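None of the figures in this text is laboratory data; all of them are computed from the coordinates on show. Every value quoted in this text rests on a predicted model; they were computed, and no experiment measured them. Every residue, glycine as well, gets a Cβ built from its backbone with ideal geometry; the counts of neighbours run over all protein chains shown.
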Amino acid sequence: MAGVPETEIPIVHVTNGVHFMSWISYEMKELYDRYLDCTGGGTADQTVWQQAEHIATEELWFTHERRKERLVAFARQQSRKQLERRGASQTEIQAADEVLQPGALTSRFRPSVRDLQTGHAACCAIRIGSRGI
């Protein structure tokens, strides 16, 4: 801030951190509650994350897969609704049930403002898998 002494600027630092318990899913919270002792220092305490090594790989993967299935189901539902609002054909609407595959690696890139304004945000997603890149 030009012309303002640094001691009078109330901003000490800016972070892109998130409140952990608001960010994770219910399923992940249950998993963490079973394996991690978040009392005391909470999730900022590095010893908490050392305990994560004790989470059974199969259980962590199962939880990840369930979350991904829910995300894909939600994306398909939203896609169908959008197509219905736009007056798409029944064939196009039914095709929405095939977009995104829970078993494929999916990466999402931040859409531009124009993509969001025009409803073309879906163009920013790529799928890496058997039929993708």
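On full extension, the segment bounded by Gln46 and Gln78 gains 7.7 nm, given 0.36 nm per residue less the C-alpha separation. The local environment of Asp33, defined by Cβ-Cβ distances under 15 Å, has a net charge of -2 under the rule Lys, Arg +1 and Asp, Glu -1. In this structure, Phe20 and Gln101 have a Cβ-Cβ separation that, at R0 = 35 Å, corresponds to a calculated FRET efficiency of about 0.75.
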